[in-house]
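Here's the structure, in structure tokens; my notes come after.
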Amino acid sequence: MVYDLIVIGGGPAGYLAAERAGHAGLKTLLIEKRFLGGVCLNEGCIPSKALLYSAKVFDYAKHGDVYGVSCENPKLDHAVVISRKNKVVKTLVNGIKAQMKKNKVTVVEGLGVIEGRSSEGYNVRVNNDVYTGSRLLIATGSMPVIPPIPGVKEGLEKGYVLTNREILDLETLPKNLVIVGGGVIGLEMASYFNSAGSKVTVIEMLDHIAGNTDREISEILKKNYEKKGV
């Protein structure tokens with residue numbers, strides 16, 4: 001079968017493109033090797049915000065007296081927080097699957113390998129099957145960069161070094177957590193685990209945190225994090 005469009009990557013760019021193409025009447029194939037929704041939905045924005053919301057509710061409970069609300073001995077159950085996060089992600093992923101079905105997009109799970117171009121279009125192999133598309137959209141997204149720090153590779157293998165992928169499924173709270181990188185993802189994880197009770201240290205190569213954020217805002221963030229104990 002020859003498709004009008006093959007999309008490699010089921011993240012926000014890929015699945016939305018596939019949805020629009022299918023809606024417009026194009027015979028569309030979407031290839032994703034892990035989970036529909038990509039990094040943003042499964043390992044980034046959505047799960048991190050789910051954790052942060054739980055932390056915010058916990059902080060409100062601890063300091064509710066400021067608002068005239070008393071709550072005795074509030075506790076954060078990290079395992080329940082992770083379970084809730086998984087439910088949120090699953091609900092949204094199922095929503096994307098429903099949109100693909102509604103717009104008649106064929107979804108194939110597996111690693112897409114571009115094998116070249118023939119007279120009919122682009123040939124993409126997934127497992128043992130080859131699919132051909134008149135047009136090809138590459139939306140393969142991103143993956144964590146592992147810095148060349150001695151011990152990191154061994155730590156990943158033994159489980160005490162984590163990327164943003166593994167830490168979002170961590171079922172027990174670490175007593176101490178060192179985060180290498182003071183960008184958005186690093187700071188979000190620092191905020192949650194600090195609120196949850198871990199002793200958090202953030203190491204940033206630059207002379208400021210939060211990447212390209214306005215320097216004044218970066219300084220305010222740094223003061224607020226330090227005030228919380230990070």
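How do the pairs read when you match residues in region 184-199 that are among the aromatic types (Phe, Trp, Tyr) with residues anywhere that are open to solvent by less than 30 Å² (accessible area, probe 1.4 Å), using Cβ under 7 Å and keeping only pairs 6 or more apart or on different chains?
Here the result reads 192/51; 192/55; 193/177; 193/200, each pair linking region 184-199 to a residue that is open to solvent by less than 30 Å² (accessible area, probe 1.4 Å).
Given 21, 50, 13, 61, which one is crowded, with 19+ Cβ neighbours inside 10 Å, out of contact with any strand residue (DSSP E or B) (no Cβ under 7 Å at 6 or more places or on another chain) and either farther than 30 Å from residue 112 by Cα or of a type in the set (A, V, I, L, M) (or both)?
50
May I ask you to verify whether residue 36 is closer than 23 Å to residue 169 by Cα and among the hydrophobic types (A, V, I, L, M, F, W, C)?
Considered against the rule, which asks whether it is closer than 23 Å to residue 169 by Cα and among the hydrophobic types (A, V, I, L, M, F, W, C), residue 36 comes out as yes.
Counting only residues that are without any contact (Cβ under 8 Å) to a residue 60 or more places away in the chain, open to solvent by 80 Å² or more (accessible area, probe 1.4 Å) and either under 30 Å from residue 189 (Cβ atoms) or among the aromatic types (Phe, Trp, Tyr) (or both), how many does region 82-138 have?
Total satisfying the criteria: 4.
Restricting to region 44-89, count the residues that are closer than 30 Å to residue 141 by Cα and more than 13 Å from the chain's Cα centre (by Cα).
Selection size over region 44-89: 13.
Step by step: first the residues of region 214-227, then only those that are basic (Lys, Arg) and open to solvent by 90 Å² or more (accessible area, probe 1.4 Å), then the one that is farthest from residue 63 (Cα to Cα). Which residue is that?
Per the stated criteria, the residue is 215.
Mind counting the residues in region 189-200 that are outside any helix (DSSP H, G or I) and under 20 Å from residue 143 (Cα atoms)?
Number satisfying all stated conditions: 0.
With the checklist (1) free of Cβ contacts under 8 Å to residues at least 24 places away in the same chain; (2) open to solvent by less than 10 Å² (accessible area, probe 1.4 Å) in hand, flag the one item residue 45 doesn't pass.
(2)
From the set of residues in region 143-158 that are farther than 23 Å from residue 50 by Cβ and assigned to a loop (DSSP other than H, G, I, E, B), which is least open to solvent (accessible area, probe 1.4 Å)?
151
Give 186, 211 a once-over and let me know the one that is open to solvent by less than 90 Å² (accessible area, probe 1.4 Å), outside any strand (DSSP E or B) and on the phi > 0 side of the Ramachandran plot.
Only one candidate passes the filter, namely 211.
Filter region 159-173 down to residues that are outside any loop (DSSP other than H, G, I, E, B) and touching a residue at least 24 places away in the same chain (Cβ under 8 Å) and give me whichever is surrounded by the fewest Cβ atoms within 10 Å (Cβ to Cβ).
That would be 165.
From 126, 161, grab the single residue that is over 30 Å from residue 60 (Cα atoms) and in contact with a Leu (Cβ under 8 Å, 6 or more places away or on another chain).
126
The values are calculated or read from the model by the stated rules, or taken from the named source; none is laboratory data. Since the model is a prediction, treat every value here as computed from it, not as a measurement. Glycine gets a Cβ as well: all are built from the backbone with ideal geometry, and neighbour counts include every protein chain shown. For the accessible areas, the whole protein counts, side chains as well, though only heavy atoms, and no ligand, DNA or RNA atoms are used. Shrake-Rupley method; radii C 1.70, N 1.55, O 1.52, S 1.80 Å.
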